Amino acid sequence: MSTNSSSFFKTLSIIHLALVVGIVAFGTFKYMNNGSFKANADPNDVFIYVIPVVAAFGYFMSQFMFKKQLQAIHRTDSLTLKLQKYQASSIIKYVFIEGPAFLALIAYGFNGNALFLVIAIFLVVYLYSQKPTKLKFMNEVPLTIEDKTEFKNTNT
């Protein structure tokens, strides 16, 4: 049975797009309901300290976990297994970015602080830039010559 890598990337792209659209829709909803855009920082607001730390943690953990899971992909694995591991690694990376973005939007909904909305926007832009492509897969995963041949043949 031949591996259909196109279906893996189509599925991963749909998941990625759903996460991005979900955050954008939630952010739009929060902005429309709140309507305020305050630029002052209340030092008694715990979110002023928590949201930037959680956002930075999510960003760095997304990178760390993705790279760590890519290291678990062995050159001797089948192409199907490599695709499955890459898909799982990518989804975990997306979740580490999406979680802090949602938290920032929830915090923005509480008090309308612009900092939280800006952090969420940056996280969404970063998440969007992580869109899965076949070229990224070929550059990030250790593929054998046979894998590359099979990969190219199933994408035509």
Worksheet entry | Residue list for the range 72-115, filter: buried (at least 17 other Cβ atoms within 10 Å of the Cβ) and charged (D, E, K, R) | ASP77, LYS82, LYS85, LYS93, GLU98
Discussion item. Going through ALA88, ALA101, ALA55, ALA107 one at a time, which residue ends up being over 16 Å from the mean Cα position of the chain (by Cα) and of a type in the set (A, V, I, L, M, F, W, C)?
Written reply: ALA107
Worksheet, complete the sentence: Restricting the range 122-136 to residues that are of a type in the set (Val, Ile, Thr) and surrounded by fewer than 17 Cβ atoms within 10 Å (Cβ to Cβ), the one nearest to LEU83 (Cα to Cα) turns out to be THR133
Response to the item:
Scanning the range 1-57 residue by residue, those in a helix (DSSP H, G or I) and loosely packed, with under 10 Cβ neighbours inside 10 Å turn out to be MET32, ASN33
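Only the coordinates and a few stated rules stand behind these numbers; no lab work does. Quick caveat, the model's predicted, so the values are computed rather than measured. Heads up, the Cβs are rebuilt from the backbone with ideal geometry, glycines too, and the neighbour counts pull from every protein chain shown.
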